[in-house]
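The values are calculated or read from the model by the stated rules, or taken from the named source; none is laboratory data. Owing to the predicted nature of the structure, the values given are computational and were not obtained by experimental measurement. Cβ sites come from the backbone with ideal geometry, for glycine too, and all protein chains shown count toward neighbours.
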Amino acid sequence: MNTEGDKPLKVAVLGCGVVGSQVVRLLGEQSGDLAARVGAPVEIAGVAVRRLDAPRDVDVPAGLLTTDALGLVTRGDIDVVVEVIGGIEPARSLILAALENGASVVTANKALLAEDGPTLYEAAEKAGRDLYYEAAVAGAIPIVRPLRESLAGDKVTRVLGIVNGTTNFILDKMDTQGSGFEEALEEAQALGYAEADPTADVEGFDAAAKAAILASLAFHSRVTAADVHREGISDVTSGDVRSATDMGCVVKLLAIAELNATESGEEAVSVRVHPAMIPRSHPLASVREAYNAVFVESEAAGQLMFYGPGAGGAPTASAVLGDLVSVARNHRQGTRGVGESAYADRAVLPMGETRTRYHVAIDVDDRAGVLAAVATAFATHDVSIQTVRQEGRGDDAQLVVVSHEATDAQLSATVEELRGMDTVREVTSVMRVEGTDE
């Protein structure tokens, strides 16, 4: 029951960068609507920043700015803390302090949730407060709430997603314009889609953190970023993209989380991030530019797809404010929303036990018996070949082999054997194939 009438809810914002500045702007511009939706005014009590004199995209009253983030979150009048500074520390300490002092928390911090989410969940449970994080995965796209709430009565079996806009932009340009990796990366940086140091994006760290969060939600088990097999896109070549085109496919950096049956009959979780070829008929293949999409498969609902802008100040701030409204409503009613659901406690499979398919391009000697020798290498490791084709003649002969599904360990062992064969000059490309029917 609401016992506070129209008493304003006080919000502390940690960070005033790309996302934080948009949160502050929207809180001001939409104050009337937010008050109507929450049932009470929502007021900014303070904005914690590293430097008071730093240039900002939004005008913040000087009286609201502070460099004392800890002092702000532990004030007795703070109802909700919005954390958009990112990173592990001081974000973790500030969030824990906020919860311990009775404030609920809205965060966009994927790295922290993927590394130490259970600590935050336990602190929120102990404090009887909310921890919401829709903005931590795929920007404005609503995916956390559907997995936590809308599909709570269903059994999710697979989550397949494009969850990093930078890499999707680069791969899209390589596909549609014939750009090389470096050329596409430079264009992404010029347009503001990639950082000056793009490592977190192009090497898959960002997507791996998001994959861990999605897997934890989908399969009711604790999954950390360390559990996620990660490969980036820096080794994807124009030749890989052309080979995908020849197969009627497109290359995407995918975050994949799925349930797998183990030899003992129990279910385990596999979580991986890597570039893969997917058919152009697959819904994810049409995701262009810096957009994101998440494809969910469940037993009752079937196939669902969530699509939209996956990053950017305003889109991410939209997700933050959606959480803020929910948390504020709960606060006024003296209730709390959904907490951590890790009851299933499923094990996470190592990558070697995950079943997948490979596309392998091999430069070979163009002479009799080569194809048979390659086929024998696959058979030795119990890997069945789906298709094989030869390109070129003479010194430029190349075999392109696509396997049927096998464990990643079997496929990796096959590739290693190929690399050691006298008739194989070089294994020029190895890429997984996803989303196709066997």
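Some observations on this one:
- Only one entry in A344, A301, A285 is over 18 Å from A136 (Cα atoms), among the aliphatic types (A, V, I, L, M) and touching a Leu at 6+ places or on another chain (Cβ under 7 Å), namely A301.
- Within region 191-202, the set of residues being outside any helix (DSSP H, G or I) and under 16 Å from I162 (Cβ atoms) comprises Y193, A194.
- Residues (closer than 20 Å to V296 by Cβ and polar (S, T, N, Q)) located in region 213-229: S216, S221
- Residue match in region 350-367 (condition: closer than 27 Å to T224 by Cα and among the hydrophobic types (A, V, I, L, M, F, W, C)): yes
- Selection count, region 7-42, where residues are farther than 12 Å from A328 by Cα, without any contact (Cβ under 8 Å) to a residue 60 or more places away in the chain and of a type in the set (G, A, S): 3
- Restricting V402, V338, V388, V325 to those that are of a type outside the set (S, T, Y), touching a residue at least 24 places away in the same chain (Cβ under 8 Å) and in contact with a strand residue (DSSP E or B) (Cβ under 6 Å, 6 or more places away or on another chain) reduces the list to V402.
- Screening region 60-74 for residues that are at pLDDT below 95 and more than 18 Å from V320 (Cβ to Cβ) and picking the one that is surrounded by the most Cβ atoms within 10 Å (Cβ to Cβ) gives P61.
- Filter result for D345 (part of a helix (DSSP H, G or I), within 28 Å of K126 (Cα to Cα), outside the structural domain of A211 (by TED's automatic domain parsing) and acidic (D, E)): no
- Filtered residue count, region 1-37, keeping only those that are more than 30 Å from the chain's Cα centre (by Cα) and among the aliphatic types (A, V, I, L, M): 4
- Exactly one residue out of A257, A212 is farther than 21 Å from Y358 by Cα and either at pLDDT 95 or above or surrounded by fewer than 22 Cβ atoms within 10 Å (Cβ to Cβ) (or both), and it is A212.
- Residue within region 172-193 that is in contact with a strand residue (DSSP E or B) (Cβ under 6 Å, 6 or more places away or on another chain) and more than 20 Å from E267 (Cα to Cα) present: yes
- Count - residues of region 162-187 that are assigned to a helix (DSSP H, G or I), over 19 Å from the mean Cα position of the chain (by Cα) and not acidic (D, E): 6
- Checked against the criterion of being outside any strand (DSSP E or B), more than 35 Å from the chain's Cα centre (by Cα) and either closer than 29 Å to P283 by Cβ or at pLDDT 95 or above (or both), the candidates A413, A379 yield just one match: A379.
- Qualifying positions in region 28-59 - among the aliphatic types (A, V, I, L, M), modelled with pLDDT of 95 or more and touching a Lys or Arg at 6+ places or on another chain (Cβ under 7 Å): V38, A40, A45
- Of all the criteria given as (1) at pLDDT 95 or above; (2) over 13 Å from the mean Cα position of the chain (by Cα), the one not satisfied by D246 is (1).
- Candidates E203, E187, E182, filtered to the one that is under 21 Å from A257 (Cβ atoms), out of contact with any Ser or Thr (no Cβ under 6 Å at 6 or more places or on another chain) and not hydrophobic (A, V, I, L, M, F, W, C): E203
Results for (1) surrounded by fewer than 17 Cβ atoms within 10 Å (Cβ to Cβ); (2) within 17 Å of the chain's Cα centre (by Cα), shown as yes or no for each residue.
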{"position": "S281", "(1), (2)": "yes, no"}
{"position": "S286", "(1), (2)": "yes, no"}
{"position": "A300", "(1), (2)": "yes, no"}
{"position": "G310", "(1), (2)": "no, yes"}
{"position": "R329", "(1), (2)": "no, no"}
{"position": "G334", "(1), (2)": "yes, no"}
{"position": "Y343", "(1), (2)": "yes, no"}
{"position": "V360", "(1), (2)": "no, no"}
{"position": "V364", "(1), (2)": "no, no"}
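- Residue count, region 59-110 (criterion: closer than 22 Å to K210 by Cα and charged (D, E, K, R)): 4
- Here region 147-161 is the region considered, the condition is being touching a helix residue (DSSP H, G or I) at 6+ places or on another chain (Cβ under 9 Å) and outside any loop (DSSP other than H, G, I, E, B), and the residue that is surrounded by the most Cβ atoms within 10 Å (Cβ to Cβ) is G161.
- Qualifying residue in region 340-363 (condition: aliphatic (A, V, I, L, M), touching a Ser or Thr at 6+ places or on another chain (Cβ under 7 Å) and farther than 26 Å from R272 by Cα): no
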